[in-house]
1. Collect the residues in region 160-189 that are part of a loop (DSSP other than H, G, I, E, B) and at pLDDT 95 or above, keeping them in residue-number order.
2. Going by the structure shown, is residue 258 touching a residue at least 40 places away in the same chain (Cβ under 8 Å) and either part of a helix (DSSP H, G or I) or surrounded by 15 or more Cβ atoms within 10 Å (Cβ to Cβ) (or both)?
3. Considering only residues that are part of a helix (DSSP H, G or I), at pLDDT below 95 and either within 21 Å of the chain's Cα centre (by Cα) or closer than 16 Å to residue 152 by Cβ (or both), which ones fall in region 190-221?
4. Which count do you get for residues in region 261-296 that are more than 17 Å from residue 118 (Cα to Cα), touching a residue at least 24 places away in the same chain (Cβ under 8 Å) and not in a helix (DSSP H, G or I)?
5. May I ask you to verify whether residue 126 is at pLDDT 95 or above, crowded, with 18+ Cβ neighbours inside 10 Å and under 12 Å from the mean Cα position of the chain (by Cα)?
6. For region 26-42, name all the residues that are farther than 22 Å from residue 154 by Cα and within 29 Å of the chain's Cα centre (by Cα).
7. In region 287-327, which residues are within 23 Å of residue 257 (Cα to Cα), exposed (fewer than 15 other Cβ atoms within 10 Å of the Cβ) and either modelled with pLDDT under 80 or in contact with a strand residue (DSSP E or B) (Cβ under 7 Å, 6 or more places away or on another chain) (or both)?
């Protein structure tokens, strides 16, 4: 759109430790833009000659991109120098995955309100919410050239979530657990953070509803699969088949990392077997993913109590009770 922040985008490209084949800039203004150089990375500007919203601009970029892999970014978003190298290396090491994504810092413009997109991948989680903004991912160009994945021009918002959901029908995603990009919410002006607010734009809320409805059948299947994994674990517990039960709870956890029950049940089995360390590890790992789960803090309190620590269980239980009353942050900003 010709905004001044395009210079920051150019600097990010120039600083990449692995040189991209090209920086393709879509002139969405349709009126011509001045594009800063990007170091030794070739810059190519394409335009339809008309003003384009993001979905149509993105599809034009897909049509013109020449590389084997693609990163989509708005002009206001930042990439750390290792972004291209780390995600490309990850895809090289996992040929069964066609999409890799990194952790992304949210810059709201207010240092007291920030967050991080830091989510473990599962199909069910992606069907429930977006896991990363456009500049968090890298994907194989075959998804758009051969599999027909495109932005939906009918969507002015949530078009990136729709895009990732289309891709997830063709490939698992690979999470690179490093903070490698910045989503500058203060410059995006999208309003997508406020769909749950009473004064949210009804059109924006409607576009979110379109995406949810479009993938409702897949979401229901994924939820049923997760419920079946947990039901199998419960059946094994009832039969007293504890080693198999533990593995079943682990499978349920790997299917959907953000359900506290598999973590707690697995820890209970380890504790009953007399292995306090094996019981503590999954609870600690679960709290790293879900630091504000009151259920997990209660489970931690029980484990610490069994270990004979007089003070730590009280602290963990107090934390659980506080979380049950009031969330500690604005849940519209992702905490991962």
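1. Correct list: 169, 170, 171, 172.
2. yes
3. 192, 193, 194, 203, 204, 205, 206, 207, 208, 209 - these are the residues of region 190-221 that are part of a helix (DSSP H, G or I), at pLDDT below 95 and either within 21 Å of the chain's Cα centre (by Cα) or closer than 16 Å to residue 152 by Cβ (or both).
4. Of the residues in that region, 1 qualify.
5. Here the answer is yes, as residue 126 does meet what is asked.
6. Narrowing region 26-42 to residues farther than 22 Å from residue 154 by Cα: 31-42.
Those that are farther than 22 Å from residue 154 by Cα and within 29 Å of the chain's Cα centre (by Cα): 38, 41.
7. 324, 326, 327
Residue-by-condition table, conditions (1) modelled with pLDDT of 95 or more; (2) within 19 Å of the chain's Cα centre (by Cα); (3) more than 19 Å from residue 169 (Cα to Cα):
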residue	(1), (2), (3)
61	yes, no, yes
64	yes, no, yes
74	no, yes, yes
78	yes, yes, yes
82	yes, yes, yes
87	yes, yes, yes
91	yes, yes, no
97	yes, yes, no
101	yes, yes, no
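The values are calculated or read from the model by the stated rules, or taken from the named source; none is laboratory data. Just so it is clear, the structure is predicted and the values come from calculations on it, not from any experiment. Counting neighbours? That spans all protein chains shown, and the Cβs are built from the backbone with ideal geometry, glycine included.
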